[in-house]
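Heads up, the thing below is written out as structure tokens.
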Amino acid sequence: MRNSRFPQFTVWLPALILCAIPQWLCAQATNVPAWAQPGSATHVQVAPPADFHRPSKNFNTPIGIFDGQSDIGGALVPGSASYDPKTKQYTIKSAGYNVWYMRDEFRYLWKKMDGDVSLAADITFPDPKGYGDRKAVIVIRQDLEDGSKEALVALHGAGMIQLAQRPEKNARVKDMEYRIGSRGGLPGGKSPDDLVTANAQRIGIEKRGDTFALFVSLQGEPMHQFGAPIHLRLDEPFYVGIGFCSHLPDKSDTAVFSDVVLRNSAGKVH
């Protein structure tokens with residue numbers, strides 16, 4: 001019941017109660033399902049339900065060399081992207097639970113293409129404390145739906161590199177993963193015997209017919225193919241581009257793509 005002697009209470013009390021709600025309880029208000037929560041010491045991430053999908057949000061607004069952009073899988077927090085023509089850098093801000101399993105959530109800058117493709121970029125993460133499994137991706141997709149058939153190269157926040165594919169629509173992603181390290185050859189170890197992760201400076205993908213190959217430059221050396229290629233049949237046209245997900249379903253992070261090279265032929269990754 002309202003007390004006319006203290007009318008301000010009716011204004012300030014709800015605000016005080018709201019501010020006092022613990023952060024973990026506020027996070028629950030977004031209704032993030034357990035499967036979408038990142039793995040931790042107390043939680044194991046599992047695949048989403050096979051029939052769970054959310055519509056992507058597509059924007060046919062050109063950005064740099066790309067025709068448009070999308071929030072693939074409709075992450076709970078809308079993504080954004082910007083392009084600086086002076087530095088030729090693309091900055092992508094995105095939440096998104098993952099680019100994995102049977103569906104994806106990430107911000108995607110894309111160009112519709114056909115034929116062979118070479119695509120490469122330098123990648124940096126401005127926040128060094130971001131989630132270790134966040135993914136900056138260079139990806140070729142059949143469509144803009146969350147369970148699209150696709151081939152991709154990803155650089156993870158903790159340094160892992162992967163060449164992955166979703167072989168059929170709404171199928172589970174499979175991949176080859178590479179973790180590269182050095183003892184005594186890179187700075188950062190407490191002793192010469194410590195293993196220091198080598199984070200790739202530049203990653204790329206080449207589509208040659210139905211073959212997709214990973215290219216890497218670890219420390220500025222010329223781009224070179226890394227590991228065996230994968231085979232995937234995509235119908236033409238398809239979508240080619242760059243993207244990022246924070247690996248946190250309701251919290252955004254940022255990745256920066258520089259010196260992006262996109263050519264409509266194979267053998268041009270550099």
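Residue 193 versus residue 177, label points 7 Å from Cα toward the beta carbon: distance in nm?
2.7 nm
Suppose every K and R has +1 on its Cβ and every D and E has -1 on its Cβ; what is the size of the dipole of the chain about the Cα centre, in Debye to the nearest 20?
Values: 30 positive and 28 negative charges, 119 e Å.
With Lys and Arg at +1 and Asp and Glu at -1, about 580 debye.
Please state the charge dipole magnitude for segment 111-202, taken about the Cα centre, from unit charges on C-beta atoms (+1 on K and R, -1 on D and E), reported in debye and rounded to the nearest 20. Intermediate results must be reported in sequence, preceding the final value.
Numbers: 15 positive and 14 negative charges, 19 e Å.
Around 100 debye, computed over segment 111-202.
Around residue 250, which amide H atoms from residues at least 5 apart in sequence, or from another chain, sit under 5 Å from its own amide H, with H modelled in the peptide plane?
96
Please give the direction-averaged projected area of the C-alpha convex hull for segment 99-151, in square nanometres with one decimal.
Working: hull surface 18.2 nm².
For segment 99-151, the mean projected area of the Cα convex hull comes to 4.6 nm².
Considering the options 136, 97, 213, tell which one lies farthest towards the positive end of the dipole of the chain, charges being +1 on Lys and Arg and -1 on Asp and Glu at the Cβ, about the Cα centre.
97
Over the chain, what lengths in whole Å, largest first, do the semi-axes of the equivalent ellipsoid take, defined as the square roots of 5 times the eigenvalues of the alpha-carbon gyration tensor? Could you put the intermediate results ahead of the total?
Working: eigenvalues 266, 108, 68 Å².
After scaling each eigenvalue by five and taking roots: 37, 23, 18 Å.
Tell me the angle of helix 9-20 to the major Cα principal axis of the chain, expressed in degrees between 0 and 90 and rounded to the nearest ten.
Taking the Cα atoms of the chain, the angle to 9-20 is about 40 degrees.
Based on alpha-carbon atoms only, what is the radius of gyration of segment 125-199 relative to the globular estimate 2.2 N^0.38 Å?
Values: Rg = 15.6 Å, N = 75, 2.2 N^0.38 = 11.3 Å.
Here the answer is 1.37, to two decimals.
Once the Cα gyration tensor of segment 177-264 is found, what semi-axes does its equivalent ellipsoid get, as square roots of 5 times the eigenvalues, in whole Å, sorted largest first?
On the way: eigenvalues 169, 72, 33 Å².
One finds semi-axes of 29, 19, 13 Å for segment 177-264.
Okay, helix-only estimate at 222 nm for the chain: each DSSP H run of n ≥ 4 adds -39500 (n - 2.57), divide by all residues, round to 500 deg cm²/dmol; what do you get? If you can, show how the numbers build up before the last one.
Numbers: 2 runs with 18 residues, N = 270.
After summing the helix terms and dividing by the residues of the chain, the value is -2000 deg cm²/dmol.
Treat every Asp and Glu Cβ in segment 153-237 as -1 and every Lys and Arg Cβ as +1, leave all other atoms uncharged, and give the resulting dipole magnitude about the Cα centre to the nearest 20 debye. Could the numbers behind the result be given before it?
Values: 11 positive and 10 negative charges, 30 e Å.
Once rounded to the nearest 20, the dipole reads 140 debye.
Of the residues 142, 45, 201, which exhibits the maximal mean-square fluctuation in a Gaussian network model of the chain defined by a 10 Å Cα contact cut-off?
Between 142, 45, 201, it is 45 that shows the largest mean-square fluctuation.
Take the alpha carbon atoms of segment 245-260, find their center, do the same for segment 98-174, and report the distance between the two centers in whole angstrom.
About 11 Å separates the Cα centre of segment 245-260 from the one of segment 98-174.
The numbers here are math on the coordinates, done by the rules we state, and not lab data. Keep in mind the model is a prediction, meaning the values are calculated, not measured. Reconstructed Cβ throughout: ideal geometry from the backbone, glycine too, with neighbour counts over all protein chains shown.
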